[in-house]
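Notes follow once the structure below has been shown.
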Amino acid sequence: MNRVVRKSRVQSSVEVFDLLVALFTAELVRPSRCLWLVSPWISNVDLIDNSAGTYPVLSRFGRRPVRLAEIVITLAARGTHVVVGTTTDKHNEAFEYQVRTLAEDLDVAHRVTIDKASPRTRHTKAVTGDDYALAGSMNITFNGIHILEEDVELKTDPAYVAQARMDAYSRFGGLL
């Protein structure tokens, strides 16, 4: 499968958010062995609305919208090795702090890798799991998801995903 989303403020603005929610929901149901989140700028955005308690695996966070750091640490607690590839930009410090704090609280710091590079050298954006690769121009930030014009492409072709996983592993580490 190949799905392209070209979004602006008025066109497909919810579609990319829904796509991310679907990917992370699928991860909670069937976690990847390794999940790579690569975004030069990354924020602890609200992703999955658990106000109705629909996601028991997220119950430790209460009945409310659950944020990205909470989701990735939940995945780490379920055995996923989470790799975050980002930059040294100050914007990312709050997300990194949340991830590290939650990882220590749940005793899963050994399953989390944060790889930081200079904002001048890292421009790649991707989310790659066991059976999909999402890539494009979008940073994982509120503006990237909801405001700015962005293109993202989801691919599930096994050969493409295998190559994307090998590329992510060679650049950022993790598990194959």
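Please go through segment 136-149 and give me each residue that is more than 16 Å from F24 (Cβ to Cβ), hydrophobic (A, V, I, L, M, F, W, C) and not in a helix (DSSP H, G or I), ordered by number.
L148
Of all residues in segment 121-131 being of a type outside the set (V, I, T) and more than 18 Å from L68 (Cα to Cα), which is surrounded by the fewest Cβ atoms within 10 Å (Cβ to Cβ)?
Within segment 121-131, the match that is surrounded by the fewest Cβ atoms within 10 Å (Cβ to Cβ) is H123.
V127 - would you say it is outside any helix (DSSP H, G or I), within 21 Å of T88 (Cα to Cα) and touching a residue at least 60 places away in the same chain (Cβ under 8 Å)?
For V127, the condition - outside any helix (DSSP H, G or I), within 21 Å of T88 (Cα to Cα) and touching a residue at least 60 places away in the same chain (Cβ under 8 Å) - is met.
Among the candidates V45, V16, V29, V21, single out the residue that is at pLDDT 90 or above and under 20 Å from H81 (Cβ atoms).
Checking each option against the conditions leaves just V29.
Just checking, how many residues over segment 133-149 are over 18 Å from T87 (Cβ atoms) and surrounded by fewer than 21 Cβ atoms within 10 Å (Cβ to Cβ)?
So the answer is 3.
Taking segment 130-176, which residues are free of Cβ contacts under 8 Å to residues at least 40 places away in the same chain and among the β-branched types (V, I, T)?
Listed by number, the list holds a single entry, V161.
Go through segment 1-30 and give me each residue that's in a loop (DSSP other than H, G, I, E, B), without any contact (Cβ under 8 Å) to a residue 60 or more places away in the chain and open to solvent by less than 40 Å² (accessible area, probe 1.4 Å).
S12
Quick check: is even one residue across segment 160-175 in contact with a His (Cβ under 7 Å, 6 or more places away or on another chain) and open to solvent by less than 50 Å² (accessible area, probe 1.4 Å)?
Yes.
Are any residues in segment 150-159 open to solvent by less than 60 Å² (accessible area, probe 1.4 Å) and either of a type in the set (A, V, I, L, M) or assigned to a loop (DSSP other than H, G, I, E, B) (or both), and if so, which ones?
Once the filter is applied, which keeps residues that are open to solvent by less than 60 Å² (accessible area, probe 1.4 Å) and either of a type in the set (A, V, I, L, M) or assigned to a loop (DSSP other than H, G, I, E, B) (or both), segment 150-159 yields V152, L154, T156.
The values are calculated or read from the model by the stated rules, or taken from the named source; none is laboratory data. Source: prediction; values computed, not measured. When we count neighbours, we look across all protein chains shown, and the Cβ atoms used for this are built from the backbone with ideal geometry, even at glycine. Accessible surface areas use protein heavy atoms only, side chains included; no ligands, DNA or RNA. Shrake-Rupley method; radii C 1.70, N 1.55, O 1.52, S 1.80 Å.
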